């Protein structure tokens, strides 16, 4: 288990994250829920090593992890990026597979590139340059890249953004399957209904602060309110 303790990030007089604490459990799908501007991306960037935090720690079994140890455990997949825009999807997946262990090999996640391509229905896109893909197509290609990385924890920022209903359901099933195989998924999601369908537990973030953590039943008990995740979130924030 990884534990985030009192993580804080400031931009001048603005506090984007204020003493954020939560736990990340092995093999779970953990949802980071909050409106735009709540600090979700900033939290992921700090956890993924993109931004330096101004305070707090990430620990494992009671010991704070170094930056190198965190990079070995966490892979951060940002939203709205287009890496290697002139290269094809096939090239990008082969590059990632080769970088982390050899083209065609089974990765530490237990999946080959071919399996991930099938899971995310990427066959028609393999020879398309990444820069020419639509938002939803690019999202699925990026998720394939993330799923081929060997770190045991994958942080995915808005994994369902740009996907239609069927694609959202298929991607959710793929993420659940990887979680069942032992990969921990920490997903930043602003659509609460999507989060409720795929996640085991939730971290509720509002104004840069954690206002709840747990399963729907645990959050319901904390809020003293029965209902769906949306109603519970509104009650706690």
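The single condition from (1) outside any helix (DSSP H, G or I); (2) out of contact with any strand residue (DSSP E or B) (no Cβ under 8 Å at 6 or more places or on another chain); (3) crowded, with 21+ Cβ neighbours inside 10 Å; (4) at pLDDT 95 or above that residue 111 fails is (4). Residues that are over 28 Å from residue 196 (Cα atoms), buried (at least 17 other Cβ atoms within 10 Å of the Cβ) and touching a helix residue (DSSP H, G or I) at 6+ places or on another chain (Cβ under 9 Å) occur in region 54-62; there is at least one.
For region 25-37, enumerate the residues that are part of a strand (DSSP E or B) and in contact with a helix residue (DSSP H, G or I) (Cβ under 9 Å, 6 or more places away or on another chain).
Narrowing region 25-37 to residues part of a strand (DSSP E or B): 29-33.
Within region 25-37, 29, 31, 32, 33 meet the criteria.
Candidates 39, 34: the one that is in contact with a strand residue (DSSP E or B) (Cβ under 8 Å, 6 or more places away or on another chain), under 15 Å from residue 157 (Cβ atoms) and modelled with pLDDT under 95 is 34.
Restricting to region 219-234, name every residue that is surrounded by fewer than 17 Cβ atoms within 10 Å (Cβ to Cβ) and either under 19 Å from residue 191 (Cα atoms) or within 22 Å of the chain's Cα centre (by Cα) (or both).
Answer for region 219-234, where residues must be surrounded by fewer than 17 Cβ atoms within 10 Å (Cβ to Cβ) and either under 19 Å from residue 191 (Cα atoms) or within 22 Å of the chain's Cα centre (by Cα) (or both): 227, 228, 230, 231, 234.
Selection of first residues in region 38-49 that are on the phi < 0 side of the Ramachandran plot and part of a loop (DSSP other than H, G, I, E, B) and of second residues that are surrounded by 24 or more Cβ atoms within 10 Å (Cβ to Cβ) and modelled with pLDDT of 95 or more, restricted to Cβ pairs under 8 Å at least 6 apart or on distinct chains, gives the following pairs, ordered by first then second residue: 38/205; 48/155.
If you check 94, 68, which single one turns out to be loosely packed, with under 13 Cβ neighbours inside 10 Å, at pLDDT below 95 and not in a loop (DSSP other than H, G, I, E, B)? Spell out the reasoning first.
Values: 94 fails: loosely packed, with under 13 Cβ neighbours inside 10 Å.
Among 94, 68, only 68 is loosely packed, with under 13 Cβ neighbours inside 10 Å, at pLDDT below 95 and not in a loop (DSSP other than H, G, I, E, B).
Could you give me the residue pairs with C-beta distances under 7 Å whose first residue belongs to region 202-220 and is in contact (Cβ under 8 Å) with a residue 24 or more places away in the chain and on the phi > 0 side of the Ramachandran plot, whose second residue is surrounded by fewer than 19 Cβ atoms within 10 Å (Cβ to Cβ) and assigned to a strand (DSSP E or B) wherever it lies, and which are 6+ apart or on separate chains? Once the first residue is in contact (Cβ under 8 Å) with a residue 24 or more places away in the chain and on the phi > 0 side of the Ramachandran plot and sits in region 202-220, its partners that are surrounded by fewer than 19 Cβ atoms within 10 Å (Cβ to Cβ) and assigned to a strand (DSSP E or B) give 208/15; 208/18.
The values are calculated or read from the model by the stated rules, or taken from the named source; none is laboratory data. The structure presented is a predicted model; accordingly, all values stated were derived computationally and were not measured. Glycine also receives a Cβ, built like all others from the backbone with ideal geometry; neighbour counts cover every protein chain displayed.
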